[in-house]
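A.B. asks: Pasting a structure here, questions to come.
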């Protein structure tokens, strides 16, 4: 039985639901709820995203999402509008799935949350339940309730725990559902929407619910920073980080998830959530030294990679051409927000290197500011030709089976640095390349 078949249960009491925001959280959430049999309207200001959804196409790269999206659009279970007020009219549940980017001081920017709450307040049903699914600091549920200022309208915290690239699967089969509210009946009503997932439910107060998301991401970031620090130690001592991971991860108390060395953690969640948690703790008079260390270690990992590449090409990168392979923050997504690959690329540029870059999700004519100076190429072969070094920074599957016997002869100085442990070391060395892999000799 497929994942979709196992979760496709017709709900006994279909609800009318509004989802505000068609991003990496809003679209999988809306599609999941529609798949479960609810009537869902998603509000999105961006015309391209609206038209994509209306035509049954996903505007974000997510495994399996487009097929389910097309099905629920065709069935009429999912509709899209530009008007948030129109979307919430008649909706029993309203999910807020808008961005909460990081401010200059590391705190979460709640301007989008505030604007939506004020915009929809007058249009909500008297018994509506507003569900805050965006990642927000402690106290935001009360903030939203005050902005809406409707006695009968209840506000509930329901943080998301989706991984980009597997968001549909995470939505249909989550590890847990967390719901926080002072009104336990409202919390249970929200939890019931996810009954078809079969996931355990944690019902708590809003403060704890909001903190759970930040604590979870800070722990994952810290685990990644730890193994990245160990990979640097392996480089210094001549140990093998792959064997280290097997030895550690086999202990059930530690486990293998998030024990993958790489160029550092990034994306739309971990960088902003760790910074926000540090700020929340500081406001409460507590210094989160462990999380601060994880953040600094993350930056150190990127500097380490640049140092390693420089050593391979003779000690200095000035005037050298480097092929950057991979620009998204991880594979199977088009998201480049806070990508460690981009941060390493910027460090390479600052060291004087010329860059030729390739990523399967980025076109050569992409004029976005984050890739404008990275020499984006249409093909991997074009990026590698004439390069003094090739650096693998995203774990795309295609990089696991590259024909190095064909690529290496086109390089000016065949040096390969694998920051994702995906390169076939034997094949690359047999082709005549000097190869280093993070934490592996």
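A.B. asks: For residue 46, only one of the following conditions fails: (1) closer than 27 Å to residue 121 by Cα; (2) touching a residue at least 40 places away in the same chain (Cβ under 8 Å); (3) loosely packed, with under 15 Cβ neighbours inside 10 Å. What is its number?
C.D. replies: Exception for residue 46: condition (2).
A.B. asks: Here is a follow-up. Among the residues of region 315-346, count how many are on the phi < 0 side of the Ramachandran plot and not in a helix (DSSP H, G or I). Working first, answer last.
C.D. replies: Going residue by residue through region 315-346, those that are on the phi < 0 side of the Ramachandran plot are 316-318, 320-325, 327-331, 333-337, 339-346.
When the remaining residues are screened for being not in a helix (DSSP H, G or I), the result is 316-318, 320-325, 327-331, 333-337, 339.
Of the residues in region 315-346, 20 are on the phi < 0 side of the Ramachandran plot and not in a helix (DSSP H, G or I).
A.B. asks: Examine region 175-197 for a residue that is farther than 30 Å from residue 37 by Cβ, out of contact with any strand residue (DSSP E or B) (no Cβ under 8 Å at 6 or more places or on another chain) and touching a residue at least 60 places away in the same chain (Cβ under 8 Å), and state whether such a residue exists. Quick ask: steps written out before the conclusion?
C.D. replies: From region 175-197, those farther than 30 Å from residue 37 by Cβ are none; that's our starting set.
Within region 175-197, not a single residue is farther than 30 Å from residue 37 by Cβ, out of contact with any strand residue (DSSP E or B) (no Cβ under 8 Å at 6 or more places or on another chain) and touching a residue at least 60 places away in the same chain (Cβ under 8 Å).
A.B. asks: Assuming residue 63 fulfils every condition listed in (1) under 18 Å from the mean Cα position of the chain (by Cα); (2) surrounded by 16 or more Cβ atoms within 10 Å (Cβ to Cβ) apart from one, which condition is it?
C.D. replies: (2)
A.B. asks: Let me ask something else about it. List, please: which pairs have Cβ atoms under 8 Å, are six or more places apart or on different chains, and start with a residue in region 135-159 that is free of Cβ contacts under 8 Å to residues at least 24 places away in the same chain and end with one that is assigned to a loop (DSSP other than H, G, I, E, B)?
C.D. replies: 145/153
A.B. asks: Would you be able to say whether some residue in region 318-326 is out of contact with any strand residue (DSSP E or B) (no Cβ under 9 Å at 6 or more places or on another chain), within 15 Å of residue 354 (Cα to Cα), surrounded by fewer than 22 Cβ atoms within 10 Å (Cβ to Cβ) and modelled with pLDDT of 95 or more?
C.D. replies: Yes, region 318-326 contains at least one residue that is out of contact with any strand residue (DSSP E or B) (no Cβ under 9 Å at 6 or more places or on another chain), within 15 Å of residue 354 (Cα to Cα), surrounded by fewer than 22 Cβ atoms within 10 Å (Cβ to Cβ) and modelled with pLDDT of 95 or more.
A.B. asks: Please work out if residue 288 is within 25 Å of residue 165 (Cα to Cα) and modelled with pLDDT of 95 or more.
C.D. replies: No, not satisfied.
A.B. asks: Evaluate the following for residue 200: is it in the same structural domain as residue 109 (by TED's automatic domain parsing) and at pLDDT 95 or above?
C.D. replies: yes
A.B. asks: May I ask you to say which residue of 371, 362, 422, 392 is surrounded by fewer than 24 Cβ atoms within 10 Å (Cβ to Cβ), within 22 Å of the chain's Cα centre (by Cα) and under 23 Å from residue 243 (Cβ atoms)? Full working, then the answer.
C.D. replies: Details: 371 fails: under 23 Å from residue 243 (Cβ atoms); 362 fails: under 23 Å from residue 243 (Cβ atoms); 392 fails: surrounded by fewer than 24 Cβ atoms within 10 Å (Cβ to Cβ).
After applying the criteria, what remains is 422.
A.B. asks: Go through region 347-372 and give me each residue that's assigned to a loop (DSSP other than H, G, I, E, B) and either within 13 Å of residue 323 (Cα to Cα) or not assigned by TED's automatic domain parsing to the domain that holds residue 437 (or both).
C.D. replies: 353, 359
A.B. asks: Pairs only if they're at least six apart or on different chains, beta carbon under 7 angstrom, first in region 219-232 and at positive phi and outside the structural domain of residue 305 (by TED's automatic domain parsing), second at pLDDT below 95 and surrounded by 20 or more Cβ atoms within 10 Å (Cβ to Cβ); list them, first residue then second.
C.D. replies: none
A.B. asks: Looking only at strands (runs of 3 or more DSSP E) that fall completely inside region 67-142, which ones have 3 or more residues that are surrounded by fewer than 23 Cβ atoms within 10 Å (Cβ to Cβ) and either at pLDDT 95 or above or not assigned by TED's automatic domain parsing to the domain that holds residue 216 (or both)?
C.D. replies: 78-81
The values are calculated or read from the model by the stated rules, or taken from the named source; none is laboratory data. Because the structure is predicted, anything quoted here is derived from the model rather than measured. Every residue, glycine as well, gets a Cβ built from its backbone with ideal geometry; the counts of neighbours run over all protein chains shown.
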